[in-house]
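Have a look at the structure below, then the notes.
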Amino acid sequence: MKKVNKRTLIKQFYPYMQGTSLRLKWFSLLKFRNERPHWFNNQIRINSAFPPYPSQPFDRIVDIIKNQKRLPHTIDFAVTSMCPYHCPHCSYGKRKKEDLSTNEILTLIEEIKDLGTAILGITGGEPMIRSDLEKIVSACSPELSTILYTTGFNVSKKRAKELYDAHIDSIIIGIDSTDTKIQDQVRGGEGVTGTRNTSTTTM
Ligand code: SF4
C-alpha cells in the first residue's frame with residue numbers, strides 16, 4: 001500500500017467539491033483531516049468505512065451528500081442471528097434463530113442497490129458462520145461497497161482469499177481486550193483471541 005500525496009488528492013477530489021456549500025467543504029475538511037489515504041488495487045482508500053475511489057459506491061455517496069438526498073448512504077444487514085459466542089451485552093440472544101435464505105438475501109441486496117445506497121455493512125450474529133457469505137458479498141459489487149463485521153470466527157487463509165476474490169472492501173474485527181482471558185470471558189467462548197489473531201494476520 002502506497003500513501004497518496006496531497007497533490008493527487010486535490011487533483012482527484014477537488015472536482016467533487018465544486019458547487020458545494022462552504023459548510024460542506026469545511027465539514028469534509030474537518031472530517032477527513034486525520035485520515036491517511038493510500039493506494040490499494042489502483043484505488044484510493046481514505047479509511048475503512050468510506051468507499052474506495054474511483055468506484056460506483058464512491059459516486060453514490062458523493063451524490064447523496066452533495067445533493068442532500070434523503071436516503072441511507074449505509075445500511076447494516078444482519079445476515080444471520082447465529083453466533084458461536086455468548087456475550088452478555090448481545091442484543092441477539094433472545095431473538096428468533098431463523099435466517100433468511102440465500103435467495104431472499106440476494107433479492108434484498110438488489111432492492112438496496114435500487115434505493116441508491118452506497119455501503120452495506122454485513123453483520124449478525126456472526127456472519128462468518130454463513131457458508132454463502134462470499135456469494136452475498138459478491139452480489140453487492142459493483143454498486144455497493146462492503147464492510148464485514150466479525151469476531152474473526154471461522155477464518156482461514158482460504159476463506160480470506162475467497163472474501164478478497166468476492167470483492168470485500170473492509171473487514172472489521174471486534175476486539176474487547178488484549179488479554180486472551182478477558183476476551184474469552186466477554187465472548188463466552190474459548191480460544192476467541194486465538195481465532196482472532198489468526199484472522200488478523202491472515203486478513
Ligand atoms: S460475538 Fe457479537 S453476535 Fe456473537 S454473542 Fe457476541 S455480541 Fe452477540
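On inspection, Leu106 passes the criterion of being more than 19 Å from Ile61 (Cβ to Cβ), surrounded by 16 or more Cβ atoms within 10 Å (Cβ to Cβ) and among the aliphatic types (A, V, I, L, M).
Every condition in (1) within 15 Å of the ligand (Cβ to nearest atom); (2) not assigned by TED's automatic domain parsing to the domain that holds Leu163 is met by Lys94 except one, and the failing one is (2). For the stretch 167-175, the criterion of being closer than 19 Å to Gln56 by Cα, touching a Gly at 6+ places or on another chain (Cβ under 8 Å), among the hydrophobic types (A, V, I, L, M, F, W, C) and modelled with pLDDT of 90 or more is satisfied by no residue at all. When Cys83 is tested against the conditions (1) within 18 Å of Gly152 (Cβ to Cβ); (2) under 16 Å from the mean Cα position of the chain (by Cα), the lone failure is (2). The residue that is surrounded by the most Cβ atoms within 10 Å (Cβ to Cβ), counting only those in the stretch 174-191 that are in a helix (DSSP H, G or I) and away from the ligand (no atom under 13 Å from the Cβ), is Thr180.
Being under 30 Å from Asp132 (Cα atoms), surrounded by 11 or more Cβ atoms within 10 Å (Cβ to Cβ), assigned by TED's automatic domain parsing to the domain that holds Ile129 and away from the ligand (no atom under 16 Å from the Cβ) narrows it down to one of Asp76, Asp59, Asp114, so name that one. Full working, then the answer.
Numbers: Asp76 fails: away from the ligand (no atom under 16 Å from the Cβ); Asp114 fails: surrounded by 11 or more Cβ atoms within 10 Å (Cβ to Cβ).
One residue alone meets the criteria, Asp59.
Mind listing just one residue for me: the one in the stretch 123-161 that is within 15 Å of Glu104 (Cα to Cα) and touching a residue at least 40 places away in the same chain (Cβ under 8 Å) and, of those, surrounded by the fewest Cβ atoms within 10 Å (Cβ to Cβ)? Ranking the qualifying residues of the stretch 123-161, first place goes to Arg130. For first residues located in the stretch 41-63 and under 11 Å from Ile119 (Cβ atoms), partners that are hydrophobic (A, V, I, L, M, F, W, C) and lie 6+ apart or on another chain with Cβ distances below 6 Å form the pairs Pro51/Phe58; Pro51/Ile61; Pro51/Ala118; Pro57/Ala118; Pro57/Leu144; Arg60/Ala118; Ile61/Ala118. Among residues of the stretch 70-94 that are under 28 Å from Phe58 (Cβ atoms) and small (Gly, Ala, Ser), those with a Cβ under 6 angstrom from a residue that is modelled with pLDDT of 90 or more and more than 7 Å from the ligand (Cβ to nearest atom), sequence gap 6+ or separate chain, pair up as Ala78/Thr123.
Cβ separations smaller than 7 Å between residues 6+ apart or across chains give no pair from the stretch 1-30 residues that are closer than 14 Å to Pro54 by Cβ to residues that are among the hydrophobic types (A, V, I, L, M, F, W, C) and assigned to a loop (DSSP other than H, G, I, E, B).
Test each condition in (1) closer than 20 Å to Asp169 by Cα; (2) in the same structural domain as Thr146 (by TED's automatic domain parsing); (3) not acidic (Asp, Glu) for Asn42 and report the one that comes out false. Going through the list (1) closer than 20 Å to Asp169 by Cα; (2) in the same structural domain as Thr146 (by TED's automatic domain parsing); (3) not acidic (Asp, Glu), Asn42 breaks only (2).
Working only within the stretch 132-157, note down all residues that are in a helix (DSSP H, G or I) and modelled with pLDDT of 95 or more. Matches in the stretch 132-157: Leu133, Glu134, Lys135, Ile136, Val137, Ser138, Ala139, Cys140.
The values are calculated or read from the model by the stated rules, or taken from the named source; none is laboratory data. Everything quoted here is computed from the prediction, not taken from an experiment. Cβ: placed from backbone, ideal geometry, glycine included. Neighbour counts: every protein chain shown.
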